[in-house]
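Comments concern the structure below.
Just so it is clear, none of the values below were taken in a lab; they were calculated from the coordinates. Because the structure is a prediction, the values reported are computed rather than measured. All Cβ positions, even for glycine, are placed from backbone atoms using ideal geometry, and neighbour counts span all protein chains on display.
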Amino acid sequence: MNKKRKTRETSTVLQWRRKGQPNWLELPRDVLSAIFVKVGAIEVLRNVRRVCSEWRNLSEDPIIWHTIDMHHRDGIAYCSDNILDAMCRRAIDLSSGQLTDITVDNFATDSLLKYITDSTSNLRRLRLILCYDITDMGLALVAQKLPQLEELDISISHLSEYPLETIGQNCPQLRTLKFNIECHRTPHIESNKVAFAIAETMPALHHLQLVGNKLTNDGLLAILDGCPNLESLDLRQCFNLKLEGKLERRCAEQIKDFRRPCDPIDDYPFGGEDVKLEFATKEFVNALKFFTYDMIQF
């Protein structure tokens, strides 16, 4: 460590002591590791690792990169998609093949998804939140690289039932699936494609969330028949369902935790208007980039 850096670190410690604050530099390594994981990848890579040489060394320890969380909204707001992509790849590299759990926000692409699955064979939890740039083909192509996958969360995307079929066929350990879309009552479209894909390829599911899905009673019956191990089923905002009589009784008897179409969505983080506004904002920014480029060329 050079003299200037050591002087700066010593000064930081003295300031903490004078203010009566705890000396974070003296925390045990295992405690710091746990804090780094909670802080999240973005803050660790942008700020935390710059505090001192000890924290920089700890930030390069694969043990804190078993879990990578790139879903911190405040941190993402100040970074471009290219920067976030580079940071995510850096975090994946630091995991040294030990990555088991990753959450990626709306900057994810097919290329990044391939990079993730090429870097580990032990991925157990994958969350793709508001990832409009991931395609059906992109997700389907990496399915064979996810044999240990236990939880998949795809909340708000352009994906269809096609990659779900491939996931179901290649991920026998899958126990939890979240495949949510925007919450709104219109347009009135009925489709059981997603429900049938799940019912036919994911018999081991224990937990299923399909907020906003367009399935009908036929799709729900297929899921109940094809996924006999289901313990929880979330069908909020699925307004094509008509739960009554035998079907309602079967749901109550077969599913321990059953959430009906009209149940409150207070704890659901992707309300329809917020999602549409965020997507519209991203589309506007992309359009503005092209407009600016055209003006410069002109």
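Sorting the segments 80-86, 229-235 by their residues' average number of neighbouring beta-carbon atoms within 10 angstrom, most packed first, yields 229-235, 80-86. Between V39 and H188, the modelled label-to-label distance comes to 5.4 nm, taking each label 7 Å out from Cα in the direction of the beta carbon. Here each label is just a point 7 Å from Cα along the line to Cβ, and for S121 and R56 those points are 3.5 nm apart. Each label was represented as a point 7 Å from its Cα along the Cα-to-Cβ direction; for A204 and A86 these points are 4.0 nm apart. The stretch between R260 and S111 holds 49.9 nm of extra length on full extension. This uses 0.36 nm per residue minus the Cα-Cα distance. Which residues in the stretch 131-153 place their backbone N less than 13 Å from a point set 7 Å from the Cα of N229 along the Cα-to-Cβ direction? Under cut-off, by backbone N: 149-151.
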